Amino acid sequence: MRDAQSFDDFYRGTARRMARYGYAVAGDHNEAQDLVQEAYTRAWRHWGRLAAHPAPEAWLRLVVARLATDRWRRLRGLRGALRLAGPPPAAPPPNEDSVLLLQALRQLPANHRQALALHYLFDMPVEEIAREVGAPVGTVKSWLSRGRARLAALLPDLANMELETSDVA
């Protein structure tokens, strides 16, 4: 049976050293965090037996080192595949309208942005958006309406272009 208190004590006593060790092994802070987190997850899974181990920290270091080796092997295979496939084509720079739209979207509340993105990028109906975000249908309609109005105010030139092109069609 796992003893949460003893695991917590073990974690508190070893976490800083393990984070430094993970960084030394991986050479990257984010990668080290992932390795150490996975090692502690495995330690918790086996804590009933590991608590009686003569050197649980050594076991944890071994897990971190093996995880790092596994990731390096996977990356090496990926690099080989990329080398065979060649570099991806260069992406063109964003056009000015896209940059302006993104700047305007950043000024909207998150729920308005989410509703607009789901509606226009995923062609989701209002009812489906409401189910996904856990909001009433009327609220989603309000978010869409307010979001469109705010975008029109922030992007008057683009809004006028849309009106002109929709009049032609």
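Just so you know, all these numbers are worked out from the coordinates, no wet-lab data involved. Fair warning: this is a prediction, and the values are worked out from it, not measured in the lab. Every residue, glycine as well, gets a Cβ built from its backbone with ideal geometry; the counts of neighbours run over all protein chains shown.
Helices from the chain with mean Kyte-Doolittle at least -1.0 and a Cα length along the axis of 30 Å or more, per DSSP H: which?
Once both thresholds are applied, what remains is 56-85.
Given R₀ = 41 Å, FRET efficiency for GLU38-ALA85 by Cβ-Cβ distance, to 0.05?
Efficiency computed from Cβ-Cβ geometry: 0.90.
Rg and Dmax in Å for the chain, alpha carbons only: what are they?
25.9, 79
Take the Cα atoms of the stretch 4-85, find their three principal axes, and give me the spread along each one in whole Å, biggest first.
Result for the stretch 4-85: principal-axis Cα extents of 51, 22, 18 Å.
Relative contact order, percent, of the chain when contacts are C-alpha pairs under 8 Å separated by at least 6 residues?
Here the relative contact order equals 16 percent.
Roughly speaking, what is the stretch gain from ALA117 to ALA149, that is 0.36 nm per residue apart minus the C-alpha to C-alpha distance, in nm to one decimal?
10.0 nm is the gain from fully extending ALA117 to ALA149.
In deg cm²/dmol and to the nearest 500, what is the mean residue ellipticity at 222 nm of the chain if only DSSP H runs of at least 4 residues count, each as -39500 (n - 2.57), divided by the residue total?
Calculated mean residue ellipticity at 222 nm is -26000 deg cm²/dmol.
For the stretch 105-164, with only Lys/Arg (+1) and Asp/Glu (-1) charged at the beta-carbon, what is the dipole magnitude about the Cα centre, in debye rounded to 20?
Using only the charged Cβ atoms, the result is roughly 320 debye.
Return, ordered by residue number, the residues of the stretch 1-33 whose backbone nitrogen is under 16 Å from a label point located 7 Å along Cα→Cβ of ASP70.
The answer is 26, 31-33.
With a Förster radius of 45 Å, plug the Cβ-Cβ distance of ALA15 and GLU132 into 1/(1 + (r/R0)^6) and report the FRET value to the nearest 0.05.
0.75
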